[in-house]
Structures are given as structure tokens and as C-alpha cells.
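*Asks:* Please see the structure below; I have some questions.
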Amino acid sequence: MTYDASNIFAKILRGEIPCHRVYEDEATLAFMDVMPQVDGHTLVIPRSPSRNLLDADPASFGPLMMAVQKVALAAKRAFKAEGVLIKQFNEAAAGQTIYHLHVHVLPRRAGEELRPHTGKMADPALLARHAEMIRAEIR
């Protein structure tokens, strides 16, 4: 399979679609998932085009995981979470639905149920507040 430059994350990177930005550097961008499974559900993507982990340039993994760690620590503090779930899917059979490498960061508390990742988008004002909460905790 080849990379499709018309995917939604590529459009976000080009500024064609807005997002609630949490963190960015020269190699990565982190933003709120518009269909969050928990409050604070954030996505971290590399700026370089890759369909998923299976075709990505291995040089992108270091910067990507450093950004994931930075966002995970900030989200854990912002939402007073007990832990952080990190998820990453590769191809449809594994649950991937957007074909640009991305990592899900979900602050978690024991016993808290994950909401379904459905087609219903969260309130943009809520996502903006959550993004600000995480940005305030990034160190």
C-alpha cells in the first residue's frame, strides 16, 4: 500500500483542516482526537508522510516517541490520571482507520470505561479547553 496524501492528518499538517493543537516541533504534531474515548485523548503524528509504523522511516521513531512521552506526561498531570494508555494501529485488520502514522495518548483512571470511538464529534469548546490543559503541563 502507498501513502495517500489526501488523508485527514496530511490535510491537518498542511493547514487545510483545523485542529486543537497540543504540541508541535519540527518533526511532530500533537492534537486532540475529535472523537475522544476519554477526556484528554490526544493524537501524536510525525510530520513526515508514512502510512503507518510498517512503512515509516525508522529515523522518525525517536522524535515521535519523544513527543508521545512529552504529551503523555502532560496529559497525565492535566487530567490527574493514574496511568496513560498508548495505542497505535497498523492496517485495517489491526483497527487502523486513518492511514497516516499516529499514536493515541489516553490518560486513564482505574475502572473508567473507554467511550466508543464513533462518528460523533466532541464539542469543539471542550476540546479547546482540554488542549489548553495539556499545553499548560508540557515541560
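*Asks:* Enter the Cα centre distance for the pair region 28-57 and region 61-119, rounded to the nearest angstrom.
*Replies:* Comparing the Cα centres of region 28-57 and region 61-119, I get a distance of 8 Å.
*Asks:* Sort the following peptides by mean Cβ neighbour count (other Cβ atoms within 10 Å, averaged over residues), highest first: 115-124, 51-60, 67-76, 85-94.
*Replies:* Working: 115-124: 10.8, 51-60: 15.0, 67-76: 22.0, 85-94: 13.1.
Ranked by mean Cβ neighbours within 10 Å, highest first: 67-76, 51-60, 85-94, 115-124.
*Asks:* Quick one: accessible area per residue over the chain, 1.4 Å probe, rounded to a whole number of Å²? Could the numbers behind the result be given before it?
*Replies:* On the way: 7370 Å² over 139 residues.
Computed with neighbouring chains in place, this is 53 Å² per residue.
*Asks:* For the chain, what's the relative contact order in percent, using C-alpha pairs closer than 8 Å and at least 6 residues apart? Mind showing how you got there, number by number?
*Replies:* Numbers: 251 pairs, mean separation 44.1, N = 139.
Relative contact order comes out at 32 percent.
*Asks:* Once the mean 1/r over all distinct Cα pairs of region 25-67 is inverted, what Kirkwood radius in angstroms do you read off? Intermediate results must be reported in sequence, preceding the final value.
*Replies:* Values: mean 1/r = 0.0892 Å⁻¹.
For region 25-67, the Kirkwood estimate is 11.2 Å.
*Asks:* Output wanted: per-residue J couplings in Hz (rounded whole) for region 122-139, from phi through Karplus 6.51 cos²θ - 1.76 cosθ + 1.60, θ = phi - 60°, x for Gly and Pro.
*Replies:* Couplings: 6, 4, x, 5, 5, 4, 4, 5, 5, 4, 5, 4, 5, 4, 5, 9, 6, 10 Hz.
*Asks:* Would you mind giving the average projected area, over all directions, of the Cα convex hull of region 100-139 in nm² with one decimal?
*Replies:* Numbers: hull surface 17.9 nm².
Hull-based average projected area comes out at 4.5 nm².
*Asks:* State the three equivalent ellipsoid semi-axes of the chain, derived from the C-alpha gyration tensor as the square roots of 5 times its eigenvalues, in descending order and whole Å. Please list the in-between numbers first.
*Replies:* Values: eigenvalues 100, 53, 47 Å².
That gives 22, 16, 15 Å for the three semi-axes.
*Asks:* Let me ask something else about it. Per-residue HN-Hα couplings for region 58-74, Karplus 6.51 cos²θ - 1.76 cosθ + 1.60 at θ = phi - 60°, whole Hz, x for Gly and Pro?
*Replies:* Calculated HN-Hα couplings, in order: x, 5, 7, 5, x, x, 5, 5, 5, 5, 4, 4, 4, 5, 4, 4, 5 Hz.
*Asks:* Quick one: give the max-minus-min coordinate of the C-alpha atoms of region 1-72 along each principal axis, largest first, in Å.
*Replies:* 32, 26, 22
*Asks:* Can you give the log10 of the normalised intensity I(q)/I(0) at q = 0.16, 0.31 Å⁻¹, computed with Debye over equal Cα scatterers of region 78-121?
*Replies:* -0.56, -1.14
*Asks:* While we're on this one: Over the Cα atoms, compute the radius of gyration (one decimal) and Dmax (the largest Cα-Cα distance, rounded to a whole number) for region 1-41, in Å.
*Replies:* In Å, with Rg to one decimal and Dmax whole: 11.5, 33.
*Asks:* Step through the residues of region 44-50 one at a time and calculate ³J(HN,Hα) from phi using the Karplus curve (6.51 cos²θ - 1.76 cosθ + 1.60, θ = phi - 60°), rounding each to whole Hz and writing x for Gly and Pro.
*Replies:* The phi angles translate into 10, 10, x, 6, 6, x, 7 Hz.
*Asks:* Roll a 1.4 angstrom probe over the protein heavy atoms and tell me the percent of accessible area of region 1-93 that is carbon or sulfur.
*Replies:* 60
The values are calculated or read from the model by the stated rules, or taken from the named source; none is laboratory data. Computed from a prediction, not measured in an experiment: that's the story for all the values here. Methodologically, a virtual Cβ is constructed for each residue, glycine included, from the backbone with ideal geometry; neighbour enumeration extends over all protein chains shown. Calculation scope for accessible area: heavy atoms of the full protein, side chains included, ligands and nucleic acids excluded. Shrake-Rupley method; radii C 1.70, N 1.55, O 1.52, S 1.80 Å.
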